[in-house]
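Report on the structure given below.
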Amino acid sequence: MTNIGSFPLKWVAWETTKKCNLKCIHCRSNADASHFDTVDTKKAIELMEKVAEFARPVFVLTGGEPLLRGDIFELAKYGTKLGFKMAMATNGSLVTDEVCEKIKGSGIKIISLSLDGPGAEAHDNFRKQKGSFDAVISAAEKFRAHGIEFLINSSFTKRNQPYIEDTYLLARKLGAKAWYMFIVVPMGRGKGLLDELISREDYEKILKWHYNMEIKEHEILVRPTCAPSYYRIFAEEQKKSGNNSDRRKLSFSPGGGKGCVAGQSIAYISAEGDVYPCSYFTGPGGNIFRQKFSEIWESGLFKSFRDYSDYKSRCGVCDYRNTCGGCRARALIYDNDLKSNDPYCGYVPASWEAVK
């Protein structure tokens, strides 16, 4: 095992299939029922072994919908045998008591469920499937009954933005170990949502709401995701209040105490084996079936995510760049330059005003 010391791989997600029984409006994979499994069991095992040669990270089986793969629990067992901390991301619609027993028997330690609203109207509209909200509630109840830890991921655009707080409260009520608030990045099917994306002004307000909620929350772990500016806001608000309390950590989180950790402690592997710094990045660093994982991890693309010295414009002189890092995927999508400003950040460093 040759995990690079300064930037160890802590978390990897593998898109086990592009097949899905839902057709969510924001899906980065454009997943739907028309797809088929790109990689068979033998190749899937090869993929896992090549990751294991490099590290023993949290290994998330995602999709599409991973429960549509007939061999998913065989793969989970194999990952457990390799020494991975196995996790799975599901939309919840296929969770039964039998599935719960298989989850426990496979060594999967935690499940993530997708919940995009506090009721059927908001969630089912986002997931484009009537009954999908009821399926999530049922899945959460079954996980609790079987003693399976789960967290909840919630993705937001303008259409469900009014329900952010109520969605958090429902996640809490359902008994989730953690609630992750995702601010949608326009990838895949999400490219059609440009007019629906949360505004930069509201983004800042939402993150400040999250801060005020988090410092009072002691039951459920909470994190905003794809929102690196939160780490700047957290530092600013703590300085204002004089509150320097430590943040609680989730054992299955990539952690790092910073905003964007793409290519620094996490990676994403597509159904075809392409390896990306994160799931929202548009170009891979290599393909795991043609290269060693270590070669990809040390490729020029991945190294560029660890070097802040050539960041441009406001990000280049920002006093929070080592804490925040900015969303490199958004910079590439909006400005065609991964070193450009995070377009969702409105912070203007004093040093930027000085050089203008």
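The values are calculated or read from the model by the stated rules, or taken from the named source; none is laboratory data. The structure presented is a predicted model; accordingly, all values stated were derived computationally and were not measured. Methodologically, a virtual Cβ is constructed for each residue, glycine included, from the backbone with ideal geometry; neighbour enumeration extends over all protein chains shown. Note: accessible area is taken over every heavy atom of the protein model, side chains too, but ligands, DNA and RNA are not part of it. Shrake-Rupley method; radii C 1.70, N 1.55, O 1.52, S 1.80 Å.
What the table shows:
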{"quantity": "Expected-Rg normalisation [2.2 N^0.38 Å, Cα atoms] applied to the stretch 82-121", "calculated": "1.38"}
{"quantity": "Rg/Rh ratio calculated on Cα atoms of the stretch 303-348 (Kirkwood radius)", "calculated": "0.90"}
{"quantity": "Set of aspartates and glutamates near Lys85 by C-alpha distance (under 20 Å), chain-local residues within fewer than 8 positions excluded", "calculated": "Glu15, Glu46, Glu49, Glu53, Glu65, Asp71, Glu74, Glu101, Glu149"}
{"quantity": "Pairs beyond 24 Å (Cα-Cα), from Lys177/Lys303; Lys102/Lys142; Lys10/Lys173; Lys81/Lys102; Lys258/Lys312; Lys18/Lys258", "calculated": "Lys177/Lys303; Lys10/Lys173; Lys18/Lys258"}
{"quantity": "Residue-averaged 222 nm ellipticity for the chain, from DSSP H runs of 4+ at -39500 (n - 2.57), nearest 500", "calculated": "-10000 deg cm²/dmol"}
{"quantity": "Average silhouette area of the stretch 116-275, convex hull of alpha-carbon atoms, in square nanometres", "calculated": "10.7 nm²"}
{"quantity": "Å² per residue, accessible surface of the chain at 1.4 Å", "calculated": "42 Å²"}
{"quantity": "Debye log10 I(q)/I(0) at q = 0.21 Å⁻¹ for the stretch 43-160, Cα point scatterers", "calculated": "-1.11"}
{"quantity": "Magnitude of the charge dipole, the chain, Cβ model with Lys/Arg +1 and Asp/Glu -1, debye to 20", "calculated": "500 debye"}
{"quantity": "Kirkwood-based shape ratio for the stretch 97-149, expressed as Rg/Rh from alpha carbons", "calculated": "1.04"}
{"quantity": "Leu94 versus Glu237: modelled label distance in nm, points set 7 Å from Cα along the beta carbon direction", "calculated": "3.8 nm"}
{"quantity": "Cubic angstrom per residue, convex hull over Cα atoms of the chain", "calculated": "130 Å³"}
{"quantity": "Antiparallel bridge percentage (DSSP; both residues within the chain; nearest 5)", "calculated": "10 percent"}
{"quantity": "Cubic angstrom per residue, convex hull over Cα atoms of the stretch 204-351", "calculated": "126 Å³"}
{"quantity": "Most fluctuating residue given options Glu98, Glu237, Glu74, as computed from a GNM of the chain linking Cα atoms under 10 Å", "calculated": "Glu98"}
{"quantity": "Carbon plus sulfur fraction of accessible area for the stretch 42-165, probe 1.4 Å, in percent", "calculated": "47 percent"}
{"quantity": "Cut-off 14 Å, label 7 Å out along Cα→Cβ of Lys81, residues of the stretch 95-109 by amide N", "calculated": "106-107"}
